[in-house]
Amino acid sequence: MFLRAAERGAHLGVLTRGLLDLLESHGPVALEAAIVAALATDAAHLGAVRHFVDHHAQARGQAPPIAVTLPDD
């Protein structure tokens with residue numbers, strides 16, 4: 001993923017941060033499946049991975065995760 005993204009001039013820091021966010025919100029299995037799907041369609045960029053994470057979750061009937069930020073008290 002990173003090699004193909006770098007070949008296309010992608011900002012690898014942004015890609016890394018985005019993939020880590022997806023890992024935290026959707027888990028390793030969903031992220032890996034999305035990366036495989038993105039690479040299979042020759043779309044080595046964060047937007048494609050996000051698309052496939054959402055697409056696969058929707059196909060399983062899962063609602064999108066919603067971050068909830070609560071105050072310390």
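Condition first: open to solvent by less than 40 Å² (accessible area, probe 1.4 Å) and either within 30 Å of T69 (Cα to Cα) or modelled with pLDDT of 95 or more (or both). Now tell me which residues in the stretch 1-27 satisfy that.
Correct list: L15, G18, L19, L22, G27.
Restricting to the stretch 57-73, name every residue that is among the polar types (S, T, N, Q) and part of a loop (DSSP other than H, G, I, E, B). Please lay out each step first, then the result.
Initially, the stretch 57-73 is screened for residues among the polar types (S, T, N, Q), giving 58, 62, 69.
Scanning the stretch 57-73 gives Q62, T69.
Tally up the residues in the stretch 28-56 that are surrounded by 12 or more Cβ atoms within 10 Å (Cβ to Cβ) and not in a helix (DSSP H, G or I), please.
3
Report every pair of residues separated by at least 6 positions or lying on different chains whose Cβ atoms are under 6 Å apart, first residue within the stretch 35-58 and more than 17 Å from A10 (Cβ to Cβ), second in a helix (DSSP H, G or I).
A37/F52; V53/L22; V53/H26; V53/A30; V53/A34; H56/A33
The values are calculated or read from the model by the stated rules, or taken from the named source; none is laboratory data. Everything numeric in this text was worked out from a predicted model, so none of it was measured. In this analysis, Cβ positions are derived from the backbone assuming ideal geometry, glycine residues included, and neighbour counts consider all displayed protein chains. When the accessible area is computed, the model is the full protein with side chains, heavy atoms only, and any ligands, DNA or RNA have been set aside. Shrake-Rupley method; radii C 1.70, N 1.55, O 1.52, S 1.80 Å.
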